[in-house]
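Down below is the structure, laid out as structure tokens.
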Amino acid sequence: MNNIGFIGVGNMGYAMIKGIVSTLQDMNLVYTDINREKLVQIMKEVNYEYVDNNIECVKQSKYVVLAIKPQYYEEVLKDIKEAITDEHIIISIAPGIKINYLKDVLGETVKIVRAMPNTPALVGQGMSAISFSGDVFLDNERKVITDIFSSFGEVVTLEEHLIDAVVPISGSSPAYVYMFIEAMADAGVLFGLSRDISYKLASQAILGSAKMVLETNQHPAQLKDAVCSPGGTTIEAVTELEKNGFRSAIMEAMKVCYNKTKSF
């Protein structure tokens with residue numbers, strides 16, 4: 001049974017479901033959530049039936065994705081504990097929820113995958129990091145799990161102690177990027193451009209810049225230097241950003257984000 005079940009269909013769960021149904025045609029899908037309106041909406045989009053409760057979702061699945069916020073884990077794990085068997089694989093996507101915690105609640109023999117995807121999964125451009133518990137996973141199980149996360153973007157496998165570092169860098173960072181786009185677009189409007197054009201210019205510039213980092217294998221500093229002509233407009237802007245602590249602000253924001261994952 002390669003059924004995958006989602007407990008929770010919020011922003012992240014919904015984004016993952018969209019990627020899975022568009023890419024993995026051989027994967028059967030079930031899902032549940034306390035928000036019935038959202039369940040009906042998703043059913044109309046993906047043509048897979050939802051189930052009424054968490055236990056039924058577990059019973060119909062081999063791979064169970066806990067797509068819920070950290071503060072709800074205790075309640076949900078207590079609810080599904082008796083339905084979990086050694087045949088299940090539990091996939092946690094919440095920041096700060098460690099494999100040992102899940103095993104303490106569900107049982108030492110339960111296979112766990114800890115993952116950190118991000119919301120660009122909704123458009124097939126997600127970035128996920130996954131970590132497997134120390135149990136013996138079958139080759140097919142590892143492949144299915146990797147295929148799940150590859151269905152909506154890129155995926156890397158890491159040791160669990162590094163997963164918390166992924167949260168600020170790719171898990172939460174889309175929010176910072178959206179703020180950056182909004183700020184650039186606001187400046188464009190200030191300079192007389194329409195808001196639609198400003199958003200398009202800023203968004204495509206960021207998309208293209210990221211693609212250059214990934215595809216040229218050049219250091220970001222080299223790519224930056226290539227844009228900064230001596231005495232030119234760009235170096236003026238870079239100087240002002242540095243004067244206002246641009247890089248420091250980003251690093252400090254990521255540090256508090258990282259520390260927050262330790263508080264769950």
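Just so you know, all these numbers are worked out from the coordinates, no wet-lab data involved. The shown structure was predicted, so the numbers you read here are calculated from the model rather than taken from an experiment. Positions of Cβ are backbone-derived with ideal geometry, glycine not excepted, and every protein chain shown enters the neighbour counts.
Structure values in brief
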| read-out | value |
| --- | --- |
| Euclidean distance of C-alpha centroids, the stretch 49-84 and the stretch 158-199, integer Å | 32 Å |
| Most to least packed among 86-96, 206-216 [average Cβ atoms within 10 Å] | 86-96, 206-216 |
| Taking Cys228, Cys257, Cys57 and counting other C-beta atoms within 10 Å, the order from fewest to most | Cys228, Cys257, Cys57 |
| Solvent-free Debye scattering, log10 I(q)/I(0), computed from the Cα coordinates of the stretch 171-261 at q = 0.11 Å⁻¹ | -0.39 |
| 23 Å Cα-Cα reach of Lys260 towards lysines, excluding residues that sit fewer than 8 places from it in its own chain | Lys69, Lys98, Lys103 |
| Chymotrypsin sites (Phe, Trp or Tyr not before Pro) within the stretch 180-227: DSSP coil, no more than 10 neighbouring Cβ in 10 Å | Phe191 |
| Whole-percent pair-distance distribution, where bins are 5 Å wide, for the alpha carbons of the chain | 1, 5, 11, 15, 17, 15, 11, 8, 7, 5, 3, 1, 0, 0 |
| On Cα atoms only, tilt of 11-23 relative to the major axis of the chain in degrees | 80 degrees |
| Length added when fully stretched, Asn28-Met43, from 0.36 nm per residue minus Cα-Cα | 4.1 nm |
| MRE, 222 nm, helices only [DSSP H, n ≥ 4, -39500 (n - 2.57), over the chain, to nearest 500] | -16000 deg cm²/dmol |
| Mean-position separation - Cα centroids, the stretch 211-253 and the stretch 113-149, in angstrom | 32 Å |
| Relative packing of peptides 161-172, 42-53 - highest average C-beta neighbours within 10 Å first | 161-172, 42-53 |
| Electrostatic dipole magnitude of the stretch 171-261 [Cβ: Lys, Arg +1; Asp, Glu -1; Cα centre; debye, to 20] | 240 debye |
| Given Lys224/Lys262; Lys38/Lys62; Lys143/Lys262, the pairs whose alpha carbons are separated by over 32 Å | Lys224/Lys262 |
